[in-house]
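Okay, so here's the structure we're looking at.
The values are calculated or read from the model by the stated rules, or taken from the named source; none is laboratory data. As the structure is a prediction and not an experimental result, all values here were calculated from the model. Neighbour counts are summed over all protein chains in view; Cβ atoms, including those assigned to glycine, are modelled from backbone coordinates with ideal geometry. Remember, those area values only see protein heavy atoms, side chains included, never the ligands or the DNA or RNA. Shrake-Rupley method; radii C 1.70, N 1.55, O 1.52, S 1.80 Å.
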Amino acid sequence: MAGAGGAAARSRFAVVGGGIAGVTCAEKLATEFPSEDIFLMTASPVIKAVTNFKQVSKTLEEFDVEEQPSSILEKRYPNIKVIQSGVKQLKSDEHKIFTEDGKEYVYEKLCLCAGAKPKLIFEGNPYVLGIRDTDSAQAFQKNLAQAERIVVVGNGGIALELVYEIQGCEVIWAIKDKAIGNTFFDAGAAEFLIPKLTAEKRETPIECKRTKYTVEGSQEKERPTAASDKLGSALGPDWHEGLHLKGTKEFSHKVHIEMLCEVKNIHLQKEFIQLQRTSLTFPKEEKNVEPDQVLWPVYVELTNGKIYGCDFIVSATGVVPNVKPFLDGNNFAVGEDGGLKVDEHMHTSVPDVYAAGDICTAAWEPSPVWHQMRLWTQARQMGWYAAKCMAADTLGQSIDMDFSFELFAHVTKFFNYKVVVLGKYNAQGLGSDHELMLRCTKGQEYVKVVMQNGRMVGAVLIGETDLEETFENLILNQMDLSAYGEDLLNPDIDIEDYFD
């Protein structure tokens, strides 16, 4: 390889990032070009692989995400060469990548899949933990074992799962919206789910069959807490399985939600005592909130004026695309969300450089019922499609936009319910020009559709509704449904019979 005076290693294709987008991209390239070496550069010794992939319907897919040593990937694809080192610099005009370990690599086409990192509410505070990857999930678990009260900030999927899974620890959950889980649901769905949060009796979770690899020897010796600039890859959809999320207290669930507020300040114990302000006890329904007599390691001051003491704070407030190593000296167009802008063939604004997954921002004119969201499914779809585009460009062929970008579709689990979201499921970008139809059976299912001019443009399905394929077709073919009115959701009418 490259060394002092040594020539740089060359390859037709290089991919940066060992997460789902990067690994999927490298695998697809390796299959399309079996005689070419594919360089996959990753800062972590483990990569993320898609396993148990199932195409559930035209656009819905389910899969597990598994951490594997990179050697497994190299065994499966002998032409993938994993280079275990972070990227220090990209010189796109020379088609060169410089890695942290002092080597250089020359590529013809490059795909950047370096993911994103957690947006921390306060950088560099030892009591603030960002959760995104397996390393930070382990640090979190270690802290939780001693915790009596924590504050969770954020309202996405990870915050939602976390609050549901934690037992034996008081949780103050601060969200800036007026309903929980607003990235996935509306207030109605939140109301449907809330009883699950406070239920004392828990279903026994289904045993998780995913094997976990950790870095060699991490069991025996304590591993240093990952600094927030160290990038692990993002958590899988069942990330909390196999983590023992239990605090010190004997009760199972205690969650208090503070709506419509954000964190204004974080005070360490010493600063808090000097402030001479009052903090609050954990709110109990019947009495007014009392001042807290206990001294806590850290205090969170919310924008609604309330102050709560706690053992630590979990910041689950979304992610920032990890573009820093690549910007210097290269002319990348960057989106408002900080990602590298890509066109409908996953090209960035820099020649021969593509991007996929959390690092990129879809800058093409999207289908009216698709939008970008930094999720596993989109990382996989983008990585796969980016490889197809790189192949087509190399062979001088033209390629159509991948069908997965026709309709936003995601299936996940919250609180042990199956959750399917389709299209503009939260009326994203529709303004007031839409109407909602709802059907809800308490404790069983919740069905919401978003209608515009008599056509279905989005849906949320919670529980075993079996409506996802029918609704997917109705959104894709934009059939006029005005004639059915409210009957569209009438459980006594078998909708599927109409639309076969």
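Of note:
- One residue stands out in the range 385-402 among those that are within 27 Å of the chain's Cα centre (by Cα) and not acidic (Asp, Glu): the one that is surrounded by the fewest Cβ atoms within 10 Å (Cβ to Cβ), namely Met401.
- Residue within the range 13-24 that is of a type in the set (Ser, Thr, Tyr), open to solvent by 20 Å² or more (accessible area, probe 1.4 Å) and touching a residue at least 60 places away in the same chain (Cβ under 8 Å) present: no
- Residues in the range 54-78 that are among the charged types (D, E, K, R), open to solvent by 20 Å² or more (accessible area, probe 1.4 Å) and in contact with a strand residue (DSSP E or B) (Cβ under 7 Å, 6 or more places away or on another chain): Lys54, Glu62, Asp64, Glu66, Glu67, Glu74.
- For the range 315-336, the tally of residues that are within 15 Å of the chain's Cα centre (by Cα), of a type outside the set (Ser, Thr, Tyr) and on the phi < 0 side of the Ramachandran plot stands at 5.
- Odd one out for Ala21, checked against (1) within 16 Å of Met390 (Cβ to Cβ); (2) over 16 Å from the mean Cα position of the chain (by Cα): (2)
- Restricting attention to the range 381-424, the residues that are closer than 26 Å to His345 by Cα, in a loop (DSSP other than H, G, I, E, B) and out of contact with any Asp or Glu (no Cβ under 6 Å at 6 or more places or on another chain) total 11.
- Among the residues of the range 161-197, the ones that are of a type in the set (A, V, I, L, M) and farther than 17 Å from Leu302 by Cβ come to 9 in all.
- Filter pass, Trp384 being of a type in the set (Phe, Trp, Tyr) and under 26 Å from Met456 (Cα atoms): no
- Positions within the range 427-438 being assigned to a loop (DSSP other than H, G, I, E, B), surrounded by 12 or more Cβ atoms within 10 Å (Cβ to Cβ) and under 27 Å from the mean Cα position of the chain (by Cα), in sequence order: Ala427, Gln428, Leu430
- Near pairs, Cβ below 7 angstrom, 6+ apart or cross-chain, from the range 106-125 (on the phi < 0 side of the Ramachandran plot and open to solvent by 50 Å² or more (accessible area, probe 1.4 Å)) to any residue that is hydroxyl-bearing (Ser, Thr, Tyr) and modelled with pLDDT under 95: Lys119/Thr317; Ile121/Ser315; Ile121/Thr317; Glu123/Ser228
- Of all the numbered requirements in (1) of a type in the set (S, T, N, Q); (2) within 29 Å of Asp343 (Cβ to Cβ); (3) surrounded by fewer than 19 Cβ atoms within 10 Å (Cβ to Cβ), Thr441 misses one, and that requirement is (2).
- Checking the stated criteria, Leu422 turns out not to satisfy the condition of being modelled with pLDDT under 90 and open to solvent by less than 60 Å² (accessible area, probe 1.4 Å).
- Of the residues making up the range 263-308, those that are part of a loop (DSSP other than H, G, I, E, B) and either of a type in the set (Asp, Glu) or not assigned by the TED database to the domain that holds Lys176 (or both) number 4.
- Filter result (at pLDDT below 70, small (Gly, Ala, Ser) and out of contact with any Phe, Trp or Tyr (no Cβ under 8 Å at 6 or more places or on another chain)) within the range 177-196: none
- Test for Ala459: is it under 27 Å from the mean Cα position of the chain (by Cα), within 29 Å of Asn490 (Cβ to Cβ) and of a type in the set (A, V, I, L, M): yes
- Counting only strands (runs of 3 or more DSSP E) that sit wholly inside the range 1-118, those with at least 3 residues that are closer than 29 Å to Val314 by Cα are 46-55, 61-69, 116-118.
- Within the range 317-333, at least one residue is touching a Pro at 6+ places or on another chain (Cβ under 8 Å) and either assigned to a loop (DSSP other than H, G, I, E, B) or free of Cβ contacts under 8 Å to residues at least 60 places away in the same chain (or both).
- Any hit, the range 437-458, residues being in contact (Cβ under 8 Å) with a residue 40 or more places away in the chain and within 21 Å of Arg374 (Cα to Cα): yes
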